[in-house]
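In what follows, a structure is listed as structure tokens, so that the remarks can point back to it.
The values are calculated or read from the model by the stated rules, or taken from the named source; none is laboratory data. Not measured: the values here are computed from a predicted model. Here the Cβ is made from the backbone with ideal geometry for all residues, glycine too, and neighbour counts use every protein chain on show. Each accessible area value is taken on the protein alone, full model and side chains, heavy atoms only, with ligands, DNA and RNA left out. Shrake-Rupley method; radii C 1.70, N 1.55, O 1.52, S 1.80 Å.
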Protein chains: 2
Amino acid sequence: MAVPSVAERVADELRLQLAEGALLPGARLTESTIAENLGVSRNTVREAFAELASERLVVRHPNRGVFVASLEAGDVHDVYTVRRAIEVSAMRAGGSPEDVAAVRAAVEEGKRAAAAGDHEALGTANQHFHGAIVAMAGSPRLNAIMGQVLAEMRLFFHKATVDAQFYQHYLPENEAICLALESGKPDRAADLLLAYLDRSEDNLSEVHGDAADAE
Amino acid sequence: MAVPSVAERVADELRLQLAEGALLPGARLTESTIAENLGVSRNTVREAFAELASERLVVRHPNRGVFVASLEAGDVHDVYTVRRAIEVSAMRAGGSPEDVAAVRAAVEEGKRAAAAGDHEALGTANQHFHGAIVAMAGSPRLNAIMGQVLAEMRLFFHKATVDAQFYQHYLPENEAICLALESGKPDRAADLLLAYLDRSEDNLSEVHGDAADAE
DNA sequence: AATCGAAGGATTGTTGAACAATCTGTGGAT
DNA sequence: ATCCACAGATTGTTCAACAATCCTTCGATT
């Protein structure tokens, strides 16, 4: 019913291209060419840029232009710090049976994707899994924050060109976390999740080719 | 060195007015009048609005205008859900001695304000206290999120016209939390903080005149 | 008298063009 | 080779216009 504004549609389109990897980190986004390509005004593109910049998907260099954000080594640690705070907290909240069911659904979605050998789908299933975890807190703000974090992660993965085994490795962990949750032990699930996140961060820092400081 | 753009200065100015209570929740912000008052273009005001909207300080009603955000009952709970996730997580991280010193400084700042009977200062000291707690995590993203949350809270306090005793009541709690932190017991401090936040939420919901559902 | 609907005014959403400010890169002078 | 000036391109911002939408008022109808 609510028709999205043109600026919002432009932002959506750019978000899509970013998620698909059509725009790689570091790439420059020129106002005029985007305005021309999408058939909108430069001013409207500008509004869309403001939105994407607030989501950290894009970085503004004053008088120089906007560039697709690229996560540096420190950013990876930072993003995982946010994830640890939010996901673990939401997990300890427990969540309603429907919330737990959503987590289970994401786990099964991942299994199917792995069976089909589709690691694009495997990646999105993993994001659904973590999104469902945060959703247990029932907090619109936490959901929004997590949404942004996941979008940032997606951006990063395209840069790292993650191989199939990357996600597959985590499938049994997701299963274990989900089982703990389903058997009414959210604290146990939270501990597993925390360990998972720590390991995931290490893996990612490694892929990124960065000497991780043992903190 | 970096000169803020006009749009950013407009956003800053509006943020200031919001923090000072010059613009009360629910008030309408008309593009043309603000543009005229600040001597800038309507388009620039529009960019500033986009920024404030992304911070939830302002709400956009399509084709109707932007209004100063007003926290409803559910929003209070939501904001506290975010605070619990972020603050408690940061607290458990412990933090460097300088970080702890910053927390201590905020506590003392609060004491001085209370002694002087300045509850405007008492409020900001309290915000510094919680900001310092989050800063222990050393995460720019968490700091940014907390900054937005605190800005939202400030908005709400102007609506509720909180009395002096509101903050004063929490001074000894801040002291206790800080002491636990200083004596190397961050987990103990985190537990105290969690209890603090729960009680604070109850108080606020009460002030707001809302039948809180005991969850 | 109350309800409904249609004009009118006001504000937002979007466009297009224009110009100053700033950055980038090229080429020449030392 | 280094430095400086200049030209080109892009951003930042303004202005003016118009369509779309909303709110209000006024009038017509029942």
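Each semi-axis of the equivalent ellipsoid for chain A is √(5λ) with λ an eigenvalue of the Cα gyration tensor; in descending order they amount to 32, 20, 16 Å.
With label points set 7 Å from Cα along Cα→Cβ, the inter-copy distances at A:Gly39 are 4.2 nm, sorted shortest first.
Taking a straight Cα-Cα cut-off under 14 Å and skipping sequence neighbours fewer than 8 places away in the same chain, the aspartates and glutamates within cross-link reach of B:Lys111 are B:Glu120, B:Glu173, B:Glu175. Rounded to the nearest 20 debye, the dipole size of the range B:6-68 about its Cα centre is 300 debye, using +1 on the Cβ of Lys and Arg and -1 on the Cβ of Asp and Glu. For the range A:6-68, the calculated P(r), taken from all Cα-Cα distances in 5 Å bins from zero up to the bin holding the longest distance, is 4, 20, 33, 30, 12, 0 percent.
The distance from the alpha carbon centre of the range A:93-126 to that of the range A:169-192 is 13 Å, rounded to a whole number. All C-alpha pair distances within the range B:1-109, sorted into 10 Å bins from zero, spread as 12, 32, 26, 22, 7, 0 percent across the bins. Dipole of the range A:6-68 computed with +1 at Lys/Arg Cβ and -1 at Asp/Glu Cβ about the Cα centre; of A:Leu29, A:Ala48, A:Gln17, farthest Cα towards the positive end is A:Leu29.
Calculated mean residue ellipticity at 222 nm for chain B: -23500 deg cm²/dmol, from DSSP H runs with n ≥ 4 weighted as -39500 (n - 2.57), summed, divided by the residue count and rounded to 500.
When each of the peptides A:51-62, A:144-155, B:195-206 is scored by how many other beta carbons lie within 10 Å of its residues on average, the order from highest to lowest is A:144-155, A:51-62, B:195-206.
Mean projection of the Cα convex hull over all viewing directions, computed for the protein assembly as shown: 22.8 nm².
Treating r as the C-beta distance of A:Glu108 and B:Asp12 and R0 as 56 Å, the FRET efficiency rounds to 0.70. Restriction of the GluC sites (Glu not before Pro) in the range A:72-117 to DSSP coil positions whose beta-carbon has at most 13 other beta-carbons within 10 angstrom yields A:Glu72.
Taking the solvent-accessible surface of protein heavy atoms with a 1.4 Å probe, what is the per residue accessible area of chain A in Å²? Present the calculation step by step, with values, prior to reporting the outcome.
Values: 10480 Å² over 215 residues.
Spelled out: the 1.4 Å probe surface of chain A, per residue, equals 49 Å².
Take each residue in B:74-82, count the other chain C-beta atoms within 10 Å of its C-beta, and the mean is 4.
Chains B and A together bury some 1900 Å² of accessible area, summed over both sides, with a 1.4 Å probe.
Where the accessible area of the protein assembly as shown is counted over protein heavy atoms with a 1.4 Å probe, how much of it, in %, is carbon and sulfur? Mind showing how you got there, number by number?
Values: 10970 of 20930 Å².
Within the protein assembly as shown, the accessible surface is 52 percent carbon and sulfur.
Just counting partner chain Cβ atoms within 10 Å, what average do the residues of peptide A:134-141 show around their Cβ?
Details: counts 1, 0, 0, 5, 5, 9, 5, 12.
Taking the mean over all residues of the peptide, I get 5.
Note on A:Ala116 and B:Ser183: the model spin-label points, each 7 Å out from Cα along the C-beta direction, lie 5.8 nm apart.
Per-residue mean of foreign Cβ neighbours for B:46-54 is 4 (Cβ atoms of other chains, 10 Å radius).
In a reduced charge model with +1 at each Lys and Arg Cβ and -1 at each Asp and Glu Cβ, chain A shows a dipole moment near 500 debye about its Cα centre.
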